[in-house]
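> Take a look at the following structure, please.
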Amino acid sequence: MDAKRPKVIIVDDDRETREMLALALRQEGFEVTQAANGLRLISTLHVDRPDVILMDVNMSWIDGFELCRAVRSSEEFKRIPVVFVSGRSATADVKRGMEAGAAAYFTKPVELPTLIARIRELADAGAVSGSASP
């Protein structure tokens, strides 16, 4: 595996949550960008393609479920894994997230070591299969 740092974009309208996750991921060697909402994600995807998208469910403009479906329906971005990190922990929400196309669903407060391990696994799988490249 090359020395390229896996890229993760964090999409959450709560700045404190984005900053906390970004700090944890950077300390683990990830390259991290942030987007406050779905609109920012879409514009960022075209400029700085991530290996993994980490997103909340509850956001302004478009909720995470709809945003995940939009990413999954895009020929250009559908192979980028989406991981939900949400305060919505009901079984129905987790099911809805997975049905929207998420690779994983974590509830807040999140177990950072478990989340980081899953993100690394997804990023490594993308690098091996070449699915993270355009």
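> Does GLU121 satisfy being over 16 Å from GLY38 (Cβ atoms), assigned to a loop (DSSP other than H, G, I, E, B) and either touching a helix residue (DSSP H, G or I) at 6+ places or on another chain (Cβ under 6 Å) or free of Cβ contacts under 8 Å to residues at least 24 places away in the same chain (or both)? Can you show your working first?
Values: over 16 Å from GLY38 (Cβ atoms): yes; assigned to a loop (DSSP other than H, G, I, E, B): no; either touching a helix residue (DSSP H, G or I) at 6+ places or on another chain (Cβ under 6 Å) or free of Cβ contacts under 8 Å to residues at least 24 places away in the same chain (or both): yes.
So GLU121 fails the test.
> Right, something else. Could you count how many residues in the stretch 24-65 are of a type in the set (Phe, Trp, Tyr) and at positive phi?
Going residue by residue through the stretch 24-65, those that are of a type in the set (Phe, Trp, Tyr) are 30, 61, 65.
Filter again for at positive phi, leaving 61.
Adding up the residues that qualify gives 1.
> When you scan the stretch 11-21, how many residues do you find that are in a helix (DSSP H, G or I) and surrounded by 19 or more Cβ atoms within 10 Å (Cβ to Cβ)?
Going residue by residue through the stretch 11-21, those that are in a helix (DSSP H, G or I) are 15-21.
Next, only the ones that are surrounded by 19 or more Cβ atoms within 10 Å (Cβ to Cβ) stay: 18, 21.
Total meeting the criteria: 2.
> What residue, of THR33, THR17, THR44, is within 14 Å of the chain's Cα centre (by Cα), more than 24 Å from ALA117 (Cβ to Cβ) and hydroxyl-bearing (Ser, Thr, Tyr)? Before you say what the answer is, go through the steps one by one.
Numbers: THR33 fails: more than 24 Å from ALA117 (Cβ to Cβ); THR17 fails: more than 24 Å from ALA117 (Cβ to Cβ).
Selected residue: THR44, the only one of THR33, THR17, THR44 that is within 14 Å of the chain's Cα centre (by Cα), more than 24 Å from ALA117 (Cβ to Cβ) and hydroxyl-bearing (Ser, Thr, Tyr).
> Here is a follow-up. Can you name every residue in the stretch 67-84 that is aliphatic (A, V, I, L, M) and either out of contact with any helix residue (DSSP H, G or I) (no Cβ under 8 Å at 6 or more places or on another chain) or part of a helix (DSSP H, G or I) (or both)? If you could, list the steps in order and put the result at the bottom.
In the first step, residues of the stretch 67-84 are kept if they are aliphatic (A, V, I, L, M); the result is 67, 70-71, 80, 82-83.
Within the stretch 67-84, LEU67, ALA70, VAL71 meet the criteria.
> For the stretch 33-66, how many residues meet the condition of being surrounded by fewer than 22 Cβ atoms within 10 Å (Cβ to Cβ), of a type in the set (Val, Ile, Thr) and not in a loop (DSSP other than H, G, I, E, B)?
4
> Please state which one of LEU23, LEU45, LEU54, LEU67 is within 22 Å of GLU121 (Cα to Cα), of a type outside the set (Lys, Arg) and in contact (Cβ under 8 Å) with a residue 40 or more places away in the chain. Please lay out each step first, then the result.
On the way: LEU23 fails: in contact (Cβ under 8 Å) with a residue 40 or more places away in the chain; LEU45 fails: in contact (Cβ under 8 Å) with a residue 40 or more places away in the chain; LEU67 fails: within 22 Å of GLU121 (Cα to Cα).
Every option except LEU54 fails the conditions.
> For the subset of the stretch 19-75 comprising residues that are hydroxyl-bearing (Ser, Thr, Tyr) and closer than 26 Å to LYS95 by Cβ, which member is modelled with the lowest pLDDT?
Taking the stretch 19-75 first, the residues hydroxyl-bearing (Ser, Thr, Tyr) are 33, 43-44, 60, 73-74.
Now drop any that are not closer than 26 Å to LYS95 by Cβ, which leaves 60, 73-74.
On the way: SER60: 81, SER73: 95, SER74: 94.
By that ranking, first place goes to SER60.
The values are calculated or read from the model by the stated rules, or taken from the named source; none is laboratory data. Since the structure is predicted, the reported quantities are computational estimates derived from the model, not experimental observations. Methodologically, a virtual Cβ is constructed for each residue, glycine included, from the backbone with ideal geometry; neighbour enumeration extends over all protein chains shown.
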